[in-house]
Amino acid sequence: MGSFPFLPRIHGSDAGDVAIIGLGRFGTAMGEELVASGVQVLGIDISADVVQAMKGRFTQVVRADASNIEALQQLGVQDFQTAVVAIGDNLAASILVASALIKLDGPEIWAKAASEQQAEIFRQLGIKHVFEPEKNMGQRAAHLITSRLSDFFDLGNGFALAIATVPERVSGKLVRDTRFRSEYGVSLVGIKNEDGTWDQVSPATKLIAGQTVLAAGPNNNLERAFS
Ligand code: ATP
């Protein structure tokens with residue numbers, strides 16, 4: 001493992017070295033975030049202009065047609081722990097690249113889908129990790145604009161985590177005296193202090209209107225609990 005023999009290995013990342021194919025907004029943002037957390041990232045794009053613009057922002061950026069299995073092999077992608085297909089809009093290219101990565105039979109594959117159909121094709125190909133950023137963001141935005149939640153993370157199967165503001169009606173109450181859990185099935189997990197740090201919530205935590213809390217529970221009940 002490790003396709004950057006000229007660089008020291010960085011330990012501590014579950015993803016290992018990551019190859020990102022397609023350096024549009026998604027691929028770029030993902031790569032930069034990984035680099036910032038100490039992960040070694042190889043960026044691959046078919047466009048010379050894109051590669052030129054990305055030079056220096058990842059551990060290495062190369063121009064290649066990632067649907068070509070030999071090109072991937074020459075870059076050592078088979079030795080990467082993780083490869084990401086970050087081509088969304090070009091359906092044909094994303095499928096060809098995914099297929100080449102499957103043939104490589106090395107890295108764990110993650111793929112970005114811009115549509116339901118594309119997500120389904122990836123799953124049919126056996127890719128277990130499919131991102132659907134537009135869909136997820138749309139769902140999240142819907143919850144945010146129709147509720148008083150300030151952030152919302154759908155965990156699937158109707159369950160979510162939310163950042164919310166303690167409503168007036170429970171102000172001054174201890175958590176055990178509220179009906180968050182009995183009425184809504186919502187658990188308060190964390191509470192934000194004035195200095196921005198977070199504390200765990202216990203049954204004896206006193207709630208004050210306006211405080212920020214992290215809550216977990218069924219999607220629709222989260223909105224109702226904090227309305
Ligand atoms: P975003 O919404 O994240 O900006 P997107 O899903 O619409 O991105 P594009 O902006 O089209 O995707 O970016 C995909 C990138 O993938 C482009 O920079 C394109 O040059 C690159 N690309 C397309 N085909 C291949 C290929 N066969 N091999 C490598 N890179 C490719």
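The values are calculated or read from the model by the stated rules, or taken from the named source; none is laboratory data. Given the structure is predicted, the values throughout are model-derived calculations rather than measurements. With ideal geometry, Cβ positions are generated from the backbone for all residues, glycine too; neighbour counts draw on all protein chains shown. Heavy atoms of the whole protein, side chains included, go into the accessibility calculation; ligands, DNA and RNA do not. Shrake-Rupley method; radii C 1.70, N 1.55, O 1.52, S 1.80 Å.
Between 37, 226, 143, the Cα set farthest toward the positive side of the dipole of the chain (charges on each charged residue's Cβ, about the Cα centre) is that of 226. Once backbone amide H atoms are built at 1.01 Å from N, residue 40 has 18 as its partners under 5 Å, excluding neighbours fewer than 5 places away on the same chain. The shape of the range 18-131 can be summarised by an equivalent ellipsoid whose semi-axes, obtained from the alpha carbon gyration tensor, come to 20, 15, 14 Å from longest to shortest.
Viscosity 1.002 mPa s, temperature 20 °C: give me the Stokes-Einstein translational D for the chain in µm²/s, with Rh taken as the Kirkwood radius over C-alpha pairs. Please list the in-between numbers first.
Values: Rh = 20.0 Å.
It diffuses with D of about 107 µm²/s by this estimate.
Can you figure out the FRET efficiency of residue 183 with residue 32, using R₀ = 41 Å and their beta-carbon distance, to the nearest 0.05? The value I calculate is 0.45.
Converting phi to 3J(HN,Hα) with the Karplus coefficients 6.51, -1.76 and 1.60 and the offset θ = phi - 60°, the range 181-194 yields 7, 5, 8, 10, x, 9, 9, 8, 9, x, 9, 8, 7, 4 Hz in sequence order, with x at every glycine or proline. Computed from point charges on the beta carbon alone (+1 for Lys and Arg, -1 for Asp and Glu), the dipole magnitude for the range 137-225 about its Cα centre is near 260 Debye.
Using only Cα atoms, find the angle between the long axis of helix 133-146 and the longest principal axis of the chain, and express it within 0 to 90 degrees, rounded to the nearest 10. Between helix and principal axis, roughly 20 degrees.
In this structure, the amide hydrogen of residue 160, modeled 1.01 Å from its nitrogen in the peptide plane, lies closer than 5 angstrom to those of 155, 217, 219, counting only residues at least 5 positions away or on a different chain. Rolling a 1.4 Å probe over the protein heavy atoms gives the chain an accessible area of 54 Å² per residue.
Note down the net charge around residue 91, summing +1 for each Lys or Arg and -1 for each Asp or Glu among other residues with Cβ under 15 Å from its Cβ. My count for the surroundings of residue 91 gives -3.
Can you give me the angle between helix 25-36 and the longest principal axis of the chain, using Cα atoms only, in degrees from 0 to 90, rounded to the nearest 10? In the chain, helix 25-36 runs at an angle near 80 degrees to the longest axis.
Helical content of the chain, expressed as a calculated mean residue ellipticity at 222 nm, amounts to -9500 deg cm²/dmol (DSSP H runs of 4 or more residues, -39,500 (n - 2.57) each, divided by residue number, nearest 500). Accessible area per residue was computed with a 1.4 Å probe on protein heavy atoms; residue 179 scores about 150 Å².
Using a ≥ b ≥ c from the Cα gyration tensor of the range 111-227 (square roots of the eigenvalues), is it rounded, prolate or oblate, where a/c under 1.5 gives rounded and otherwise the larger of a/b and b/c decides, a/b for prolate?
Numbers: a/c = 2.57, a/b = 2.53, b/c = 1.02.
Note, shape of the range 111-227 comes out prolate.
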